[in-house]
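Notes follow once the structure below has been shown.
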Amino acid sequence: MKKVFSLALIAIAFASCTKTYTCECTVSTTGTDPITGMSINSSQVVSETKDAKKADAEDWCAEGNSTQTTLGLTVTSACELK
């Protein structure tokens, strides 16, 4: 009985450490289209949710931050945990 109580207590402790976090990323594209020569300046907001501990959620969200440039177009993703 003591083991069952201990396991139940540990399960409750782990369950209470997680929370639902939302990672919101703004993806921006700027530059000149190499085929048409037209200027491009656009942005889009993308959100994703995850149940995790705060430190894990921060790492997960930070993985979305990036900047890449190809053929004159720069795509930047800036993410923030909410």
Neighbours by Cβ (under 6 Å, 6+ apart or cross-chain): first from the range 17-40, closer than 16 Å to THR76 by Cα; second of a type outside the set (Asp, Glu) and in a loop (DSSP other than H, G, I, E, B): GLU24/LYS82; CYS25/GLY64; GLY31/GLY72; THR32/GLY72
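Could we say that GLU48 is in contact with a Gly (Cβ under 9 Å, 6 or more places away or on another chain), among the charged types (D, E, K, R) and modelled with pLDDT of 95 or more here? Even if it seems obvious, please write down each step before you answer.
Numbers: in contact with a Gly (Cβ under 9 Å, 6 or more places away or on another chain): yes; among the charged types (D, E, K, R): yes; modelled with pLDDT of 95 or more: yes.
When the stated conditions are applied, GLU48 passes them.
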Residue selected from the range 41-82 under the condition loosely packed, with under 14 Cβ neighbours inside 10 Å and touching an Asp or Glu at 6+ places or on another chain (Cβ under 7 Å), by the criterion farthest from CYS23 (Cα to Cα): VAL45
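Taking THR36, is it of a type outside the set (Phe, Trp, Tyr) and surrounded by 12 or more Cβ atoms within 10 Å (Cβ to Cβ)? Spell out how you get there, then give the answer.
Numbers: of a type outside the set (Phe, Trp, Tyr): yes; surrounded by 12 or more Cβ atoms within 10 Å (Cβ to Cβ): no.
The answer is no for THR36.
The values are calculated or read from the model by the stated rules, or taken from the named source; none is laboratory data. These numbers come from a predicted model, not from an experiment. Here Cβ is always computed from backbone atoms with ideal geometry, including for glycine, and neighbour counts include all displayed protein chains.
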